[in-house]
Structure formats: C-alpha cells, structure tokens
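The values are calculated or read from the model by the stated rules, or taken from the named source; none is laboratory data. For clarity, every value in this text was computed on a predicted model and none was experimentally measured. As a convention, Cβ positions derive from the backbone with ideal geometry for all residues, glycine included, and neighbour counts pool all protein chains shown.
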Amino acid sequence: MAKLKEHVSHEMGLHTEQLAGRTQQVFFDPEEGENFAYPTSFDVDFNKRTEFDAKDLETNAINLKIRELVKQGYGTIVVQNPGAKHSLGVGIFNRLQLYFEGSLGYFGVGLIDGPNVRISGRVGWSCAENMMAGTVIIEKNAGSCFGAAIRGGDLVCKGNVGARTGIDMKGGTIIVGGKTGILSGFMMQRGRMIICGDAGENLGDSMYDGTIFVGGRIDSLGVDAVEAEMTELDKSWLKRKLKTYEFNGADNVDHFKKIVAGKQLWNYDNLEPSEKKLVL
Amino acid sequence: MCGIAGLIHRGKSANIGKELTAMLQSLKHRGPDSTGFALYGPAMADKHVMRFKVAEQEEVKHGFKIREQMKERKQTVDARLKEMGARVELETQVTDYAFRYVFSYHDELRRLAEYIEDVEGAEILSIGHALELIKDLGDATRVSDQYNLGNFNGTHAIGHTRMATESDVDIRSAHPYWAYPFDDVSVVHNGQLTNYWMKRRALERRGHRFMSDCDSELIAVYVADAIDRGEDLEGAMLRSIHELDGVFTYVVATSDALGMAKDTMAAKPMVLYESDDFVAMASEEMAIRTIFPHEIDTYDPYEGEVRIWQS
C-alpha cells in the first residue's frame with residue numbers, strides 16, 4: 001500500500017482513517033499539488049469575457065458551450081435568453097463568473113463546485129441542488145426545493161421561495177430575501193439558513209443540526225425544531241452575510257429568531273464507521 | 001408526471017387555440033400519451049355546443065366493422081337528440097369518430113346527456129354555451145392540427161399533456177374532464193388522489209357518473225357536485241384542499257372564470273404569471289415563455305393556495 005502524503009486536510013483533522021485500495025488511488029495522488037482543484041478544471045481569466053444567445057439552443061448545447069468557453073480560458077460568461085430551460089449551468093467544477101440574463105427552469109446550476117453565478121430572473125424547482133462551493137445569486141423568485149442537499153457555498157434568492165427550501169441541507173448558507181413555503185429546512189443536517197420574510201408551516205421539521213434564522217412570522221415549527229437564544233456572534237454573522245449580498249436593513253437583525261434542532265429525536269452516535277466497528 | 005396549463009384574457013378575446021397549443025407542446029416531455037384542450041369561445045346564450053365521440057381512436061384502427069358501428073351510433077345519437085326535443089343547427093364531423101354539434105335545447109341537461117351516453121361507444125366530452133373540450137392521443141400540435149384549433153378565438157382555456165400512470169392510454173382517460181352534466185365546467189389535474197375510491201363511491205351514491213378510472217375525473221365530479229348543491233366555485237375549491245387526499249395541483253374553468261388549487265404539501269409544481277389583462281399558469285415556466293419570450297415576473301403559488309380570476 002502506498003504511503004499517504006500528509007496534506008493540509010490531514011492537519012485539519014479531516015482524515016483519520018487509512019484509506020486503502022481503489023479509493024486511495026483515485027482520490028489521493030501523493031504527487032498532486034494541494035490546490036483542491038479538479039483534474040478537469042481549467043485556468044481562466046476573469047477579465048476575459050464573452051456572451052452568447054441561448055434562445056435557440058437546447059439545454060445540452062448550452063451546457064457544452066459553457067464548458068467549451070471555460071476550456072478556452074474565458075472567466076466571465078454571459079448567457080442571454082436562457083428561456084427557463086431546465087438543468088442549465090450544472091456540474092461546473094471551475095472558477096468562473098457566470099451570468100444568466102433571464103430565468104432558469106428546474107434543476108438549474110446543480111452540482112456546482114466553485115463558480116460565482118448570478119441569475120437576473122427566476123429559477124424553478126431544485127435550484128443549486130447538491131451545490132458544493134461558490135455563490136449563486138437570484139434576483140427574483142425561486143421554486144420549491146431551493147438548495148436541496150447543498151453542502152457548501154452561498155445560495156441567495158432576493159425574492160420569495162417555494163416549499164421545502166434547504167431540504168436535506170448538509171452545509172453552506174441559504175439566504176432568502178422574502179418568504180419560504182412549508183417544510184423549509186426539513187431534515188437539515190448542517191449549515192445555516194436565513195429567511196428574511198415569513199416561514200411556512202413545519203419549519204425545520206426533523207432537523208438534525210444546523211441553524212435557521214427567520215426575520216418574519218413562523219407559521220409553525222416542525223418536529224424537534226426549537227427556538228434558541230440569539231447570541232452576539234449570531235447577530236454579527238447575520239449582519240455580515242446580509243450586507244455582503246446587499247439586503248436592505250442589514251444593520252437591523254434584532255428581530256430575527258434562531259431555530260435549531262432540539263435533538264430529542266437523535267438516536268445515533270457520533271462515531272465514525274471504523275470506530276463503530278470497534279465498538280460493535 | 002403530466003403537464004397542465006391555463007390562460008385567461010381579461011376583458012378581451014384572443015387566439016387561445018394557438019396560445020394553448022404552444023404552451024402544451026412545450027410540456028410534451030411531461031406527458032406524451034394524450035393532449036386535451038378546454039377552450040372557451042364566445043358564449044351562445046340560447047344554444048349549446050356539444051363535443052362527443054362515438055369510438056376510441058384505437059377501436060377505429062383495429063376494430064372489425066367499426067365504421068358501420070360508428071355510423072349506427074351517430075344515427076342513434078341524432079335520433080335521441082330529436083326525440084328529446086333538441087334541434088341541431090350545425091353539425092361538424094371533425095374526425096372519423098369525433099363530432100361537434102350546435103343545438104337548441106331547453107330542458108334538463110342531465111337527462112339529455114344520460115340518454116346520449118346510453119348509446120354504446122358514445123361519450124360526451126363537453127356540453128356548454130362557451131366550452132369546447134377536445135382531447136385525443138398524441139402531442140399538442142397533432143391534436144390541434146387534427147381538430148383545427150389553430151384559429152380558435154376565446155377568452156380562456158385550460159389544457160393537459162398526459163403521462164398515463166394509473167389508467168389506460170385512451171381518450172376517455174385523457175384530460176380535461178367536463179364536470180358532467182354542468183355546462184361550461186372543466187378540470188385538469190397533475191398529481192395523484194389517494195382517497196379516490198372512497199370519494200368516488202360517495203359521489204356515485206349521490207347519483208354522479210364516472211366514465212373512466214382516472215382519479216382526475218373525481219375532481220371534475222367533485223366540483224360538479226358542489227355546484228349542484230349551490231356552493232360557489234371558490235368555496236368548493238377551498239373545501240377540496242382538505243377533503244381530497246394526496247398530492248395535486250389542479251385548474252378549473254367555468255364560463256367566465258379560471259381557478260387553481262394546490263395541495264397542502266405543495267408537492268406538484270405550478271408557475272404563475274399575472275398582469276392586469278392576462279394570467280397564464282403552467283407546470284413549467286417554459287410553457288409561459290412560449291407566449292412571452294421576453295423577461296417577465298413569475299412565481300410559485302404556495303401550499304393550500306386557491307386562486308380564481310374572472311375573464
């Protein structure tokens with residue numbers, strides 16, 4: 001078995017197990033530089049800008065066009081007339097400034113890791129699902145399942161959002177300028193959500209962990225979601241986030257409520273799989 | 001999955017046939033099995049428009065002696081209309097098996113409808129002063145061309161692209177459904193009702209008839225039953241949110257109104273666009289974009305929401 005190189009991530013305590021076999025070969029190349037870049041990502045120049053009209057292009061062609069432009073080193077890409085087509089801008093593992101002038105359909109910018117995306121219109125269901133890093137800013141409204149299962153990055157909607165916002169969220173930050181629908185934060189596991197307006201029924205139902213901040217009315221809390229005390233650290237973090245994304249009234253966050261998991265439903269331990277094997 | 005769409009022009013008429021065809025064609029991927037239109041043209045105060053068929057499309061392709069049977073069925077329908085005192089003023093054969101009649105009739109509509117549907121193979125798709133309900137197998141463009149809907153002028157319309165999941169691929173299981181026997185009421189639905197049989201049996205005991213095993217028909221009959229008991233459309237739709245079990249978003253149209261309702265879990269999609277003189281809604285925004293290619297403000301209605309617009 002090849003000996004593992006001690007990466008920065010090891011110093012951070014992220015890898016306590018000795019991985020073996022195929023897993024090691026694929027994910028841990030001892031010769032690879034510690035830049036957290038994907039093997040398929042490209043060096044791009046943010047000052048190198050281009051735009052194209054997506055009006056008469058199918059989803060597949062639009063996504064391939066974005067990839068081709070990234071490959072050519074364009075760091076700023078403007079997509080005009082996306083026409084609410086589904087699955088646009090998905091699976092981008094690259095530094096990139098990506099602008100959509102218009103609206104996206106379902107499953108827009110899902111599975112991204114790194115790009116900064118701005119959408120001037122609205123997004124449909126399941127926007128930024130499984131997003132890992134980067135920022136996504138939507139100027140208008142968003143549909144249901146907004147930011148489902150996101151793991152990192154900042155996902156921002158300036159308008160209203162539908163039901164099940166941040167369902168199964170595992171990290172990152174979701175910010176909603178308006179209100180959200182039923183079951184927002186359902187089964188949330190980590191990360192933070194800011195809802196500046198009202199939140200629908202069963203907020204944070206069955207959440208394991210994470211934090212939800214609500215500026216408006218909460219119709220009802222879900223099972224095992226409880227209100228917690230806002231700390232000064234919470235307030236300063238809220239102010240900073242809201243200011244970063246240019247929300248009005250970012251200086252006044254005293255009215256926000258903080259919702260966390262009551263952890264009464266927890267029936268599992270915090271052991272890693274290898275530790276659990278030893279116990280069992 | 002299924003796709004639904006609706007539009008209403010407020011205070012004016014437009015080519016709703018062309019508009020709805022474009023919207024439904026863009027939703028083809030949500031349901032390629034059949035497509036249906038409920039179009040509301042200029043109301044004829046003292047006349048009824050009846051859309052009916054005397055066979056299923058599949059029967060015409062494969063049935064023995066089906067052409068003679070269809071001819072006989074149509075003759076029987078004609079005879080029964082005459083017997084009931086209905087005076088047919090305009091008769092159009094749209095396809096081999098589908099007809100459009102304009103007739104005068106001043107007696108009870110249920111008796112007339114039941115007598116016609118008693119003819120083997122005959123099914124009334126709609127009767128109304130303004131409503132014309134067309135549905136057939138295939139995508140929106142095919143059905144629209146087949147029934148010449150490209151120049152249909154009116155105030156409002158609803159439509160459906162169907163992916164058959166719980167009942168057959170045939171015209172009787174296609175949407176929209178007419179709220180039999182109430183003129184000018186139609187329904188399209190996306191979702192699944194889990195208390196279908198319980199509700200169906202209750203409605204059958206009250207004297208309502210079902211033509212298919214499709215759960216969406218239940219909503220049409222449910223609305224018809226409410227109207228029958230003197231309830232208004234909004235009241236019936238608000239009650240349905242709690243009485244119908246399952247996941248659903250549905251759209252109802254009457255002679256002068258269009259309404260939508262969404263279940264309490266908001267499990268089925270709907271996107272709305274609203275301006276002073278026009279409202280459009282669909283399962284996906286791309287359907288609305290076929291009418292408005294430029295940037296517009298749209299939004300999702302929330303869980304348990306009921307909205308109604310007048311033409």
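Let me confirm something: among B:59, B:68, B:19, which residue is within 17 Å of the chain's Cα centre (by Cα) and either over 30 Å from residue B:106 (Cα atoms) or aliphatic (A, V, I, L, M) (or both)?
B:19
What pairs come up if the first residue lies in region A:107-130 and is more than 11 Å from chain B (Cβ to nearest Cβ), the second is charged (D, E, K, R), and their beta carbons are under 6 Å apart, counting only those six or more places apart or on different chains?
As it stands, the answer is A:110/A:129; A:114/A:95, since those pairs meet every condition given.
Exactly one condition in (1) outside any loop (DSSP other than H, G, I, E, B); (2) under 14 Å from residue B:190 (Cα atoms); (3) within 14 Å of chain A (Cβ to nearest Cβ) is false for residue B:268; which is it?
Every listed condition holds for residue B:268 apart from (1).
For the structure I just gave you, tell me whether residue B:285 is among the charged types (D, E, K, R) and either closer than 19 Å to residue B:8 by Cα or away from chain A (no Cβ under 14 Å) (or both).
In short, yes.
Assuming residue A:100 fulfils every condition listed in (1) closer than 16 Å to residue A:62 by Cα; (2) surrounded by fewer than 23 Cβ atoms within 10 Å (Cβ to Cβ); (3) more than 10 Å from chain B (Cβ to nearest Cβ) apart from one, which condition is it?
(2)
Only one residue in B:72, B:19 is out of contact with any helix residue (DSSP H, G or I) (no Cβ under 8 Å at 6 or more places or on another chain), assigned to a helix (DSSP H, G or I) and surrounded by 16 or more Cβ atoms within 10 Å (Cβ to Cβ), so which one is that?
After applying the criteria, what remains is B:19.
Using the structure shown, decide if residue B:240 is assigned by TED's automatic domain parsing to the domain that holds residue B:12, hydroxyl-bearing (Ser, Thr, Tyr) and in a helix (DSSP H, G or I).
Criteria met by residue B:240.
Filtering region A:37-78 down to residues that are exposed (fewer than 15 other Cβ atoms within 10 Å of the Cβ) and of a type in the set (Gly, Ala, Ser), which residue is nearest to the other protein chains (Cβ to nearest Cβ)?
It comes out as A:61.
Do you know which of the residues in region B:243-258 that are assigned to a strand (DSSP E or B) and over 18 Å from residue B:23 (Cα atoms) is farthest from the other protein chains (Cβ to nearest Cβ)?
Filtering region B:243-258 for residues that are assigned to a strand (DSSP E or B) and over 18 Å from residue B:23 (Cα atoms), the one farthest from the other protein chains (Cβ to nearest Cβ) comes out as B:257.
Given the structure, is residue A:276 over 26 Å from residue B:301 (Cβ atoms), outside any loop (DSSP other than H, G, I, E, B), modelled with pLDDT of 95 or more and not aliphatic (A, V, I, L, M)?
Taking the combined requirement at face value, the residue does not satisfy it.
Kindly list, by first and then second residue, each pair from a residue in region A:174-194 that is under 13 Å from residue A:261 (Cβ atoms) to a residue that is among the charged types (D, E, K, R), limited to pairs with Cβ atoms under 6 Å and residues at least 6 apart or on different chains.
So the pair list comes out as A:186/A:164; A:186/A:205; A:187/A:168; A:189/A:170; A:189/A:209; A:190/A:170; A:190/A:209.
Condition (residue is under 19 Å from residue B:241 (Cα atoms) and more than 16 Å from the chain's Cα centre (by Cα)) applied to region B:202-209: is it met by at least one residue? So that I can check it myself, show each step before the final result.
Looking only at region B:202-209, we keep the residues that are under 19 Å from residue B:241 (Cα atoms), and these are B:202-203.
Subsequent filtering for residues that are more than 16 Å from the chain's Cα centre (by Cα) retains B:202-203.
Yes, that holds for at least one residue.
Anything in region B:293-311 that is in a strand (DSSP E or B) and away from chain A (no Cβ under 14 Å)? List them, or say none. First the steps, then the outcome.
Pass one, region B:293-311, residues in a strand (DSSP E or B): B:299, B:306-310.
Selection gives B:306, B:307, B:308, B:309, B:310.
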